[in-house]
Every structure is written in structure tokens, then in C-alpha cells.
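Peer 1: Structure in C-alpha cells, see below.
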Amino acid sequence: MTTPATRTHSWIPLEPTEDMERMSGAELLAAVIEGRIAPPPMAGTLGFALTGARPGFAEATGETGPHLANMRGTVHGGYVATLLDSVLGASVLTLLPPRTGISTVQLNVNYVRPVVVGSGLLRCSAEVVHQGRRLSTARARVVAVDSDKLYAHATATIAVSAHDFPC
């Protein structure tokens, strides 16, 4: 019988503040990248981090590992889809004013090759294709950092809305 593996994870609970409420999407993402604001707990749970953001563009890296494996020993497609969805949303967020939120309406993922546990560090970059008042579209790619080998690409439609709660 195989000995069970363990993985310990800790995070800083996300506690929106009035300062965060006054930040544009670009300012909010910059604060996360610079470590002034804790990243979303889910990103730490899955092992990826936002590494870059500028108007209409966002980038993150994620490390693969055995905790992400499916029954066939490859990295579960849901991990790749979550990485893509997160970075696609961040690319749209870079263009938004304070007190504006986003929700993915549609996500279309194309898997080009399987990500295996030993694939190493992945980079996901996304760019906005169209920025509308209510709907935006973006496209993204997931590649291996060391080889630039393409693993997946995606498009998303993202709803943009004003809200009365801190983001």
C-alpha cells in the first residue's frame, strides 16, 4: 500500500477594505503583485500567482505537482481551466474603474497537449480582445516557462458590472 502524501497550505483570508474599494482594477492587481494586498486564497491553494499586469494584459505562473493529478496521472484539466479563467478575468480587470466587478459568462478552453505532473512551471498570459460597457472578451495561452511549449489556449466572455461591495 502507498503511503499517503500530505500537503499543507495556509493563506491570508481576503478582507476587502475601503482602500481596495477605491482602487481601479489595475491598481488592485498591482497591489497584489507588489504584496501590499493578499492574493485570492484560491490562487495559493492551487499554486499559481499573478506575476504581471498592465492595461488589457495579465500574466500568472503556476507550478504543477502530484496534488493536481487526475486518475490517469496527468494534471487535471480543471487546474488549467482555472488558471486560464483567473488570468482572463484579470486582463479585463486591468481596464476597469473602482467599484466595478467581473464575472465569467463563457469560457472556451482548447487543450493542445496534456500537462503532466513534471511539466514544471507554467505561464498563462491573457489579453483583452474587446472591452465593452457590459461584456468584454479576452484570449489566453498556457505555455511551459522553460520551453514555451503550448499546452492550452482559451477565450472568455466576461460580464462587467458596477457593484456596491468591495472587490
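Peer 1: Could you work out the equivalent-ellipsoid semi-axes for region 81-143, taking the square root of 5 times each eigenvalue of the Cα gyration tensor, largest first, in whole Å?
Peer 2: In descending order, the three semi-axes are 25, 12, 9 Å.
Peer 1: Another question about this same structure. Please find, in a Gaussian network model of the chain (springs between Cα atoms separated by less than 10 Å), the residue of Ala53, Ala90, Ala43 whose mean-square fluctuation is greatest.
Peer 2: Highest fluctuation of the listed residues: Ala43.
Peer 1: Gain in length, Lys149 to His76, computed as 0.36 nm per residue apart minus the alpha-carbon separation, to one decimal in nm?
Peer 2: So the extension gain works out to 24.5 nm.
Peer 1: Could you work out what % of the accessible surface of the chain is carbon and sulfur, using a 1.4 angstrom probe and leaving DNA, RNA and ligands out of the count? Intermediate results must be reported in sequence, preceding the final value.
Peer 2: Working: 5280 of 9440 Å².
So the carbon and sulfur contribution to the accessible surface is 56 percent.
Peer 1: Explain nothing, just the number: relative contact order of the chain, from Cα pairs under 8 Å at least 6 residues apart, as a whole percent.
Peer 2: The normalised contact order for the chain reaches 24 percent.
Peer 1: If you wrap a convex hull around the C-alpha atoms of region 44-167 and split its volume per residue, what is the figure in Å³?
Peer 2: 104 Å³
Peer 1: If amide hydrogens are placed 1.01 Å from N in the peptide plane, which non-local residues have theirs closer than 5 Å to the one on Thr94?
Peer 2: HN-HN under 5 Å from Thr94: Gly56.
Peer 1: To the nearest 20 Debye, how big is the dipole of region 1-59 about its Cα centre, given +1 on the beta carbon of each Lys and Arg and -1 on that of each Asp and Glu?
Peer 2: Value, rounded to 20: 280 debye.
Peer 1: Tell me, what is the per residue accessible area of the chain in Å², probe radius 1.4 Å?
Peer 2: Ligands and nucleic acids excluded, the result is 57 Å² per residue.
Peer 1: Could you estimate the translational diffusion coefficient of region 1-91 from the Stokes-Einstein equation, with Rh from the Kirkwood formula over C-alpha pairs, at 25 °C and 0.890 mPa s, in whole µm²/s?
Peer 2: Translational D for this selection: 167 µm²/s.
Peer 1: Put +1 on the Cβ of every Lys and Arg and -1 on every Asp and Glu Cβ in the chain; which of Thr45, Leu14, Leu84 then has its Cα farthest towards the positive end of the dipole?
Peer 2: Toward the positive end, the furthest listed residue is Leu84.
Peer 1: State to the nearest 20 debye the size of the charge dipole of the chain about its Cα centre, where the only charges are +1 on K and R beta carbons and -1 on D and E beta carbons.
Peer 2: 540 debye
Peer 1: Amide H of Val105 versus every other amide H placed in the peptide plane: which residues, excluding those fewer than 5 positions away on the same chain, fall under 5 Å?
Peer 2: Thr157, Ile158, Ala159
The values are calculated or read from the model by the stated rules, or taken from the named source; none is laboratory data. Remember, it's a predicted structure, so these values are computed and weren't measured experimentally. Here Cβ is always computed from backbone atoms with ideal geometry, including for glycine, and neighbour counts include all displayed protein chains. These area figures cover heavy atoms from the full protein model, side chains too; ligands, DNA and RNA do not enter into them. Shrake-Rupley method; radii C 1.70, N 1.55, O 1.52, S 1.80 Å.
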